[in-house]
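Each reported figure results from applying straightforward, stated rules to the coordinates on display, with no laboratory input. As the structure is a computational prediction, the values presented were derived from the model and not from experiment. Counting neighbours? That spans all protein chains shown, and the Cβs are built from the backbone with ideal geometry, glycine included.
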Ligand SMILES: Nc1nc2c(ncn2[C@@H]2O[C@H](COP(=O)(O)OP(=O)(O)OP(=O)(O)O)[C@@H](O)[C@H]2O)c(=O)[nH]1
Ligand SMILES: [Mg+2]
């Protein structure tokens, strides 16, 4: 009989290195939103990977960075509490950027988790030449004595299956910790909010990505059973940002609505009516009360 293993693996790294994209590639389903903007992920999102040999519970975390706001501080604290309970931590470092002080800082932090097995993952491997990849693997190997160093590409799928098997080998023998037909423990409401935030992130710049938050007032099946109704709010921090999100004659908001509605319909497997209102919560990233209301 083969042994079954189950446990927790967390991805850490600087913002934008591909942690959430890798989580989705391993799960085989979009459980975490991704974007080209740094600091897209704001919660520890659990994605569940089920294989014959075991069950991996992946904990995707917000990118680690020097906090500039109360939100930033809370995100770093959240990562810290998350990591202590892991079986394995995967430090993600992109193949296409030289190792920098940000990576070294996070690597140093990992030394305090003495019980946890540490793996280095070189992400976005398809973006560089073989030679450059070998150089990066060498540089990363020198950071510490890793259990393993592995290059992957979530975009081409290279080494994704191998990474899953590697993680499973590092887990304790255990029965599955979650039902084996589950792909995430995020609630439907959370996933819908995130899909709307992902659509809203596209095409906005500067500080606006960080100013966005999404909540839902009401959701449920319409009485005649024809549609699933969702009434959502997109929050910004200032009146001036409201105009940007809404766009000329409401054009941007319309795009955000139709793009996220398509994703939500895929998730729910049915037709959706999506109403979105844009509201201002003055400087919510710095306001403890507002952070609480927005779910942080
Ligand atoms: N070419 C390439 N791009 C990738 C790969 N993985 C992720 N990306 C891109 O990198 C960007 C960041 O990806 P995310 O998965 O959102 O990064 P993250 O580390 O979760 O970022 P935060 O949540 O902000 O910390 C997105 O534009 C992705 O499409 C990859 O394997 N190859
Ligand atoms: Mg992310």
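Computed over Cα pairs, the Kirkwood radius of the chain leads via Stokes-Einstein (0.692 mPa s, 37 °C) to a diffusion coefficient of 162 µm² per second.
Stretching the chain fully between residue 99 and residue 2 yields a gain of 31.0 nm (0.36 nm per residue, less the alpha carbon separation).
For the pair residue 115 and residue 68, what calculated FRET efficiency results from E = 1/(1 + (r/R0)^6), where r is the Cβ-Cβ distance and R0 = 41 Å, to the nearest 0.05? So, using R0 = 41 Å, E works out to roughly 0.80.
Can you give me the Rg/Rh ratio for segment 188-293, using Cα atoms for both radii and the Kirkwood formula for Rh?
When Rh is taken as the Kirkwood radius, the ratio is 0.98.
Between helix 160-169 and the chain there is an angle of about 60 degrees, using the helix long axis and the longest principal axis of the Cα atoms. In segment 13-70, the C-alpha radius of gyration followed by the widest Cα-Cα span (Dmax) gives 12.4, 44 angstrom.
Ranked from highest to lowest mean number of other Cβ atoms within 10 Å per residue, what is the order of the peptides 202-212, 98-108, 44-54? Kindly include the intermediate steps, with their values, before the conclusion.
On the way: 202-212: 16.0, 98-108: 14.4, 44-54: 19.3.
Highest-to-lowest ranking by the protection proxy: 44-54, 202-212, 98-108.
By the equivalent-ellipsoid construction on the alpha carbon gyration tensor, segment 5-128 comes out with semi-axes of 21, 17, 15 Å, ordered largest to smallest. Each peptide in 245-256, 11-22, 226-237 gets a packing score, the mean of other Cβ atoms within 10 Å over its residues, and the list from highest to lowest is 11-22, 226-237, 245-256.
Relative to the globular-protein estimate of 2.2 N^0.38 Å, the Cα radius of gyration of segment 69-227 stands at 1.29.
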